[in-house]
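Worksheet for the structure shown next.
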Amino acid sequence: MIVNEKLTIYHKEYDELLRLDKWKRYNYDNVWFFGGQGASINKGYENANNVDVRIWYELNSNLDIKNFAKGDIIVRGHLSQDIETQQDLSNCETYNITSIINNSFGNSKHIHIGGR
């Protein structure tokens, strides 16, 4: 298991009482993060800003697949900031989740997230 980053996920949840979308923050300290902003010879310009993230169940006790959905926000690093809109993160390197795979079998159980 390769670990090279800390990560914050902002998961959108609907608050039925207030009838508003709320962003709930989840921090993970032991993740593998690959990709990012900028051009890439291997990926080309169209996919240059794609990221791949793997979060291992064994290394992150608070990991739950229910805390992820397409459109959620990925931020590199450990943030303690709560947000009301995605614009609140304008000073951060952010990505939106485009794919979620729950690899809950084998010796290396993890959640694989794709983002753009």
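What follows is calculated from the coordinates using simple rules that are stated; it is not laboratory data. Treat the numbers as computed from the prediction; the structure is a model and nothing was measured. Here Cβ is always computed from backbone atoms with ideal geometry, including for glycine, and neighbour counts include all displayed protein chains.
Among residues that are of a type outside the set (Phe, Trp, Tyr), outside any strand (DSSP E or B) and in contact (Cβ under 8 Å) with a residue 60 or more places away in the chain, residue 113 is not included. For region 53-101, a residue qualifies if it is surrounded by 14 or more Cβ atoms within 10 Å (Cβ to Cβ), in a strand (DSSP E or B) and among the hydrophobic types (A, V, I, L, M, F, W, C), and the qualifying residues are 53, 55, 56, 73, 74, 75, 97, 100. Applying a threshold of 6 Å to beta carbon distances and a minimum spacing of six or more residues, or different chains, the list of pairs starting in region 76-88 at a residue that is under 14 Å from residue 28 (Cα atoms) and ending at one that is among the polar types (S, T, N, Q) and surrounded by 12 or more Cβ atoms within 10 Å (Cβ to Cβ) reads 78/27; 79/8.
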